[in-house]
Amino acid sequence: MELTSAVTRVRARNTCRLVPSRYPSKGILDQIAAPEDLPILFELESWTNDRISTEVGLLRRIPREEWIAGRPMASVVMAAFCHPRPGGGRFNGPDRGAWYAARDIETAHAEVAYHRTAELAEIGVFETRLEMRLYLAGFDCAFHDLRAEIPAHVPLRHPASYTASQAFARELLTAGSNGVIYRSVRRAGGECIACFRPRLVENVRIGGYFEYRWEGGRVPAIRKLAG
């Protein structure tokens with residue numbers, strides 16, 4: 001597919017990303033002074049601290065010039081790129097992740113509910129609870145804009161197959177794209193961002209916690225948790 005999509009400057013302060021709360025919000029990348037110090041950490045891979053070894057080892061997925069460190073939530077941001085889903089996502093393959101976020105919380109909920117329900121459907125059990133942490137983040141950069149209702153964008157919005165969208169994303173990444181802004185497939189009127197570059201994810205902070213509860217059906221009850 002030719003890289004003919006328009007490029008749009010996106011300014012957003014409170015995009016929404018939901019992550020299971022079992023994953024820590026702090027890590028070793030938050031604590032070091034600068035990315036230039038990171039090579040020293042590779043010596044730690046022989047230590048017995050499994051968490052450090054895993055975090056530093058997976059960092060090798062990303063080119064060194066794209067690493068971020070020494071700022072709040074650096075580990076959270078890099079985890080999105082170093083821990084892709086098996087099989088990848090809509091705009092990333094299994095070898096490198098992306099920072100996915102919705103423009104509003106309702107769309108973020110719809111995206112999470114769809115994917116988690118699909119996982120439960122595979123095992124045929126709809127009785128579970130899941131706690132998610134909300135990360136808010138800002139952007140001020142140019143993204144390839146896939147929101148236009150044109151034939152070239154239709155394959156990128158396939159409800160179940162990511163074959164076309166992943167191939168397109170690989171072309172964009174190779175060409176130096178920052179990422180894409182696109183219409184949510186899971187919620188009409190919603191918009192999402194897939195950012196390809198860790199350094200562009202700004203002002204990340206925790207926005208709260210939510211519980212998703214499936215009680216025999218495919219639609220979860222969602223409630224915001226106190227605190």
Selection within segment 42-85 - at pLDDT below 85 and at positive phi | G70
Inside segment 199-219, the number of residues satisfying the requirement of being of a type outside the set (S, T, N, Q) and closer than 15 Å to D140 by Cβ is 5
Out of segment 206-222, which residues are surrounded by fewer than 16 Cβ atoms within 10 Å (Cβ to Cβ) and not in a strand (DSSP E or B)?
-> G216, G217, R218, V219
Pairs returned, first residue in segment 87-102 that is crowded, with 20+ Cβ neighbours inside 10 Å, second residue that is of a type in the set (F, W, Y) and in a loop (DSSP other than H, G, I, E, B), beta-carbon separation under 7 angstrom, 6 or more apart or interchain, are R90/Y162; A98/F91; A98/F196
Evaluate the following for R197: is it of a type in the set (K, R), touching a residue at least 24 places away in the same chain (Cβ under 8 Å) and farther than 16 Å from A102 by Cα?
-> yes
Screening R170, R157 for residues that are surrounded by fewer than 18 Cβ atoms within 10 Å (Cβ to Cβ), modelled with pLDDT of 95 or more and within 21 Å of V201 (Cβ to Cβ) leaves only R170
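How many residues does segment 62-84 hold that are under 23 Å from T163 (Cβ atoms) and surrounded by 14 or more Cβ atoms within 10 Å (Cβ to Cβ)?
Within segment 62-84, the first condition is being under 23 Å from T163 (Cβ atoms), and the residues that meet it are 80-81, 83-84.
Within this subset, residues satisfying the condition of being surrounded by 14 or more Cβ atoms within 10 Å (Cβ to Cβ) are 80-81, 84.
Residues meeting the conditions: 3.
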Only residues that are touching a helix residue (DSSP H, G or I) at 6+ places or on another chain (Cβ under 7 Å) and of a type in the set (A, V, I, L, M, F, W, C): list them for segment 153-171, please.
-> L156, A164, F168
Some residue of segment 124-133 being surrounded by fewer than 22 Cβ atoms within 10 Å (Cβ to Cβ), at positive phi and not basic (K, R) | yes
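The values are calculated or read from the model by the stated rules, or taken from the named source; none is laboratory data. Note that the structure is predicted; figures quoted are calculated from it, not measured. We place every Cβ from the backbone using ideal geometry, glycine too, and count neighbours over all the protein chains shown.
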